[in-house]
Amino acid sequence: MVTIAVDAMGGDHAPRSEVSGAIEAARLYGVRVLLVGLQDVVVRELNQHKGWKKLPIEVVHASQYITMEDSAAKAVRTKKDSSIRVASRLVRDGVAAGVTSAGNTGAVMATAKMVQGMVHGVERPALASPMPTITGKPTIILDVGANVDSSPKMLAQFAIMGGIYSRAILHTDSPRVGLLSIGEEEHKGNELTKAATPLLKSLPINFIGNVEGRDIYKGVVDVVVCDGFTGNVVLKVSEGVADVVKHLLRDSLMSTLSGRAGAFLARGAFKDFKKRIDYSEYGGVPLLGVRGVCIICHGSSNGNAMKNAIRVAAEFASQDLNTKIESDLAQWTSSRLAARVE
């Protein structure tokens, strides 16, 4: 049974969302869940759910927690017994295989890097986010915010990690990896993309060259790599567009379809559409490159999002992706050194 530690105090709706998500994950997926937080508060919320004591759920006490308003750097230094730090220690010490949190993103990333440590060979970790496509299979884009600035070597490492994640979690046979740029031609882009291209070509991956922003949603590429600044802009713009489309579609359906039957069809179509673009169906985004597993969720995550985040964390842990990442990076580094000697 895979064990996942959940930061029960992190999100906007903590611990309600974390507790309901943990109960559903334990019930549906057979995952052992350690809810980390203020023990009295967490147990009180658990007692709102009948039968939880029969599930593989335990509470681990942490006397502090980090809020969204806290300075990430300061909180990580001063709150040594925060829920996210205790959860990360459980992963470091082998008690849990992974951690999920909907808390302060900066604090979660800093804590994971400091407490869990980095996979050997990884320069910087990257946040990998699934994006919906017209094919129904998501495209993974990374980095979406862990690193504002990135080097060509970091983009190459992101490509390796993203490809491994796509193969293991989305079951893609040979992930098509693209470099996000302003045009498909190699000569287009900025200094970073131009310098990264030869490195990406040297990788043991299915690199298809430059891709544009619109290609992310067409499903013509499985993994898209970019610096964290650009990726975060893409992610936030996408979330905004999705919200606008949801509102416009709902208004259009309700205004053009009249009567009980029409309203029923409209609600069904809208519900299906909403589910396809709902972030909670993906749960959260993995911080690739840290030891163990770290899934970072949206601050406003509901119970469904936390349930799916725990599911993804368990799948990640069972696939032993970090060993594959370390092996592929070592192979690439060795081949580059051999090429220089020749």
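The values are calculated or read from the model by the stated rules, or taken from the named source; none is laboratory data. What you see is a predicted model, and the numbers here were worked out from it, not measured in a lab. Here the Cβ positions follow ideal geometry from the backbone for every residue, glycine too, while neighbour counts run over all protein chains shown.
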key: Answer from LEU34, LEU28 - the residue that is touching a helix residue (DSSP H, G or I) at 6+ places or on another chain (Cβ under 8 Å) and not in a helix (DSSP H, G or I)   = LEU34
Residues of the stretch 64-94 classified as out of contact with any strand residue (DSSP E or B) (no Cβ under 7 Å at 6 or more places or on another chain), in a loop (DSSP other than H, G, I, E, B) and of a type in the set (A, V, I, L, M, F, W, C), total = 1
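For the stretch 159-192: of the residues being out of contact with any Gly (no Cβ under 8 Å at 6 or more places or on another chain) and free of Cβ contacts under 8 Å to residues at least 24 places away in the same chain, which is nearest to GLY289 (Cα to Cα)? Spell out how you get there, then give the answer.
Going through the stretch 159-192, the residues out of contact with any Gly (no Cβ under 8 Å at 6 or more places or on another chain) turn out to be 159-160, 162-174, 176, 185, 187-188, 190-192.
Narrowing further to those that are free of Cβ contacts under 8 Å to residues at least 24 places away in the same chain: 167, 171, 173, 187-188, 190-191.
Values: ARG167: 16, HIS171: 20, ASP173: 22, HIS187: 30, LYS188: 29, ASN190: 26, GLU191: 25 Å.
Out of the qualifying residues, it is ARG167.
What number of residues in the stretch 226-245 are surrounded by 14 or more Cβ atoms within 10 Å (Cβ to Cβ) and within 24 Å of GLU191 (Cβ to Cβ)? Can you show your working first?
Applying the first criterion (surrounded by 14 or more Cβ atoms within 10 Å (Cβ to Cβ)) to the stretch 226-245 yields 226-235, 238, 242.
Among the residues that remain, those that are also within 24 Å of GLU191 (Cβ to Cβ) are: 226-235.
Total meeting the criteria: 10.
Which one is farthest from GLY303 (Cα to Cα), of the residues in the stretch 24-71 that are among the acidic types (Asp, Glu) and surrounded by 18 or more Cβ atoms within 10 Å (Cβ to Cβ)?
Applying the first criterion (among the acidic types (Asp, Glu)) to the stretch 24-71 yields 24, 40, 45, 58, 69-70.
With surrounded by 18 or more Cβ atoms within 10 Å (Cβ to Cβ) added as a condition, the list becomes 24, 45, 70.
Numbers: GLU24: 8, GLU45: 13, ASP70: 24 Å.
Selected residue: ASP70.
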ask   = Could you give every pair whose Cβ atoms fall below 8 Å, whose first residue belongs to the stretch 318-342 and is modelled with pLDDT under 80 and exposed (fewer than 11 other Cβ atoms within 10 Å of the Cβ), and whose second residue is of a type in the set (Asp, Glu) and part of a helix (DSSP H, G or I), counting only separations of at least 6 or pairs across chains?
value = none
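Take the residues in the stretch 280-312 that are of a type in the set (S, T, N, Q) and modelled with pLDDT of 90 or more, then tell me which one is surrounded by the most Cβ atoms within 10 Å (Cβ to Cβ). If you could, list the steps in order and put the result at the bottom.
Kept after step one, since they are of a type in the set (S, T, N, Q), are these residues of the stretch 280-312: 280, 300-302, 304, 308.
The next check asks that each one be modelled with pLDDT of 90 or more; those that pass are 302, 304, 308.
Working: ASN302: 20, ASN304: 17, ASN308: 25.
That would be ASN308.
If I filter the stretch 214-225 down to residues being surrounded by fewer than 21 Cβ atoms within 10 Å (Cβ to Cβ) and touching a Ser or Thr at 6+ places or on another chain (Cβ under 9 Å), which single residue comes out as nearest to GLU191 (Cα to Cα)? Before you say what the answer is, go through the steps one by one.
Residues of the stretch 214-225 that are surrounded by fewer than 21 Cβ atoms within 10 Å (Cβ to Cβ), as a first pass: 214-215, 217-220.
Restricting the remaining residues to those that are touching a Ser or Thr at 6+ places or on another chain (Cβ under 9 Å) gives 215, 217-220.
On the way: ASP215: 21, TYR217: 25, LYS218: 26, GLY219: 27, VAL220: 25 Å.
It comes out as ASP215.
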request  = Mind telling me which of the residues VAL60, VAL19 ends up being outside any helix (DSSP H, G or I), modelled with pLDDT of 95 or more, assigned by TED's automatic domain parsing to the domain that holds SER300 and of a type in the set (A, V, I, L, M)?
outcome  = VAL60
query = Cβ-Cβ below 8 Å, separation at least six or inter-chain, first residue in the stretch 135-158 and of a type in the set (Phe, Trp, Tyr), second in a loop (DSSP other than H, G, I, E, B) and surrounded by 24 or more Cβ atoms within 10 Å (Cβ to Cβ): which pairs?
reply = PHE158/ASP143; PHE158/SER150
